[in-house]
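*Asks:* Have a look at this one.
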Amino acid sequence: MSTPSLSGGAGAFSGFTRLCKGLAVVLIGGHIVVQFLPQAVNYLALIPARTIPFVWNLLTAGYIEQSVYGVVVSILGLLFIGKLLEPVWGSREFLKFIFVVNFLTSICTFITAIALYYITMNENYLYLPLSGFHGVLSGFLVGIKQIIPDQELPLLKIKSKWLPSLSLLLSIAISFWTAQSATYLPILIFGTYLSWIYLRYWQRKPETKLKGDPSDDFAFSTFFPEFLRPVIDPVASIFHRMLCGRFDTSSESQGYTLGGTTLPGSDPIEASRRRERGARALEERLAAERLGAAQGTEESGRDATESV
């Protein structure tokens with residue numbers, strides 16, 4: 001099997017899934033609403049001081065882009081990354097991932113804003129409208145890290161497993177030179193971490209009837225350079241026991257091991273199979289796009305010949 005590529009030539013601009021197109025329409029619609037009705041931001045964006053009683057903004061904030069730049073980036077990321085992830089996860093799981101990551105990111109952002117207000121007594125944290133799809137986009141990068149970690153990006157010459165880390169590092173660096181960092185940085189950080197939590201512990205695997213991806217290649221420390229992992233692993237294990245103790249109990253009761261034998265889905269072999277499925281789905285989609293582009297070229301040439 002040839003190594004799949006993240007570049008698909010002319011075919012890269014086709015093959016977008018119906019679900020991703022529908023979600024893109026939702027993002028465009030949300031942007032249009034807040035542009036023509038600016039007051040709608042007070043009801044749809046996450047404004048911590050107004051979340052109670054307007055609790056629905058925990059759900060709606062993630063689909064409201066307040067700037068043209070934001071909506072363009074979100075739609076491009078959704079269409080191009082979505083057509084890689086959705087065939088591997090399935091449409092239902094893909095939509096569930098978006099909903100869960102968006103909702104939990106909003107909750108964590110809300111709690112952080114309230115905490116910062118009580119620490120600093122700065123009311124800006126309470127009334128700053130927070131919204132955007134970038135928390136889910138950062139989660140998509142974590143999904144890419146999971147299914148095709150060793151795929152090399154054609155232009156940057158780096159492996160895709162580093163995309164989430166580089167995205168966060170760049171965002172943190174930019175935050176030192178912009179006053180608007182408070183509107184996007186918490187969403188990016190929580191989106192990345194919570195998407196990893198979801199994929200690591202909660203995502204259901206129909207083929208194994210187990211949850212998550214406990215492989216070492218997807219451990220939290222893999223987001224950091226090799227030399228930092230001996231420091232990160234002990235800290236990560238503490239938070240693992242604090243936050244995921246119930247998951248460990250559930251996993252043991254379901255039987256990740258049975259008589260010393262590792263069950264499918266809980267060892268490196270299953271993780272390797274998952275990556276192979278992701279690479280195979282990517283390769284099949286790229287092959288279909290190349291075939292469609294070739295057929296289109298042939299038809300154009302035939303039409304030109306007939307016209308002559």
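The values are calculated or read from the model by the stated rules, or taken from the named source; none is laboratory data. What you see is a predicted model; the values in this text were computed from it and never measured. Backbone-built Cβ (ideal geometry, glycine too); neighbour counts: all protein chains shown. Note: accessible area is taken over every heavy atom of the protein model, side chains too, but ligands, DNA and RNA are not part of it. Shrake-Rupley method; radii C 1.70, N 1.55, O 1.52, S 1.80 Å.
*Asks:* Select from the range 199-215 the residues that are in a helix (DSSP H, G or I) and out of contact with any helix residue (DSSP H, G or I) (no Cβ under 6 Å at 6 or more places or on another chain) and write down the one among them that is surrounded by the fewest Cβ atoms within 10 Å (Cβ to Cβ).
*Replies:* The extreme case among them is Trp202.
*Asks:* Where residues in the range 15-42 are touching a Lys or Arg at 6+ places or on another chain (Cβ under 8 Å) and in a helix (DSSP H, G or I), which of them is modelled with the highest pLDDT?
*Replies:* Per the criteria, the residue is Cys20.
*Asks:* Return the residues of the range 60-74 that are under 15 Å from Ser106 (Cβ atoms) and surrounded by fewer than 19 Cβ atoms within 10 Å (Cβ to Cβ); say none if nothing qualifies.
*Replies:* Within the range 60-74, Thr60 is the sole residue that qualifies.
*Asks:* Do we have any residue at all in the range 119-127 that's aromatic (Phe, Trp, Tyr) and under 26 Å from Phe220 (Cα atoms)?
*Replies:* no
*Asks:* For the range 25-59, give me each residue that is farther than 15 Å from Cys108 by Cα and open to solvent by less than 50 Å² (accessible area, probe 1.4 Å).
*Replies:* Leu27, Gly29, Gly30, His31, Val34, Ala40, Val41, Asn42, Leu44
*Asks:* For the range 117-157, how many residues are open to solvent by 50 Å² or more (accessible area, probe 1.4 Å) and of a type in the set (Val, Ile, Thr)?
*Replies:* 2
*Asks:* Any idea which of Ile174, Ile81, Ile98, Ile114 is open to solvent by 40 Å² or more (accessible area, probe 1.4 Å) and either without any contact (Cβ under 8 Å) to a residue 40 or more places away in the chain or under 20 Å from Glu65 (Cα atoms) (or both)?
*Replies:* Going through Ile174, Ile81, Ile98, Ile114 in turn, the sole match is Ile174.
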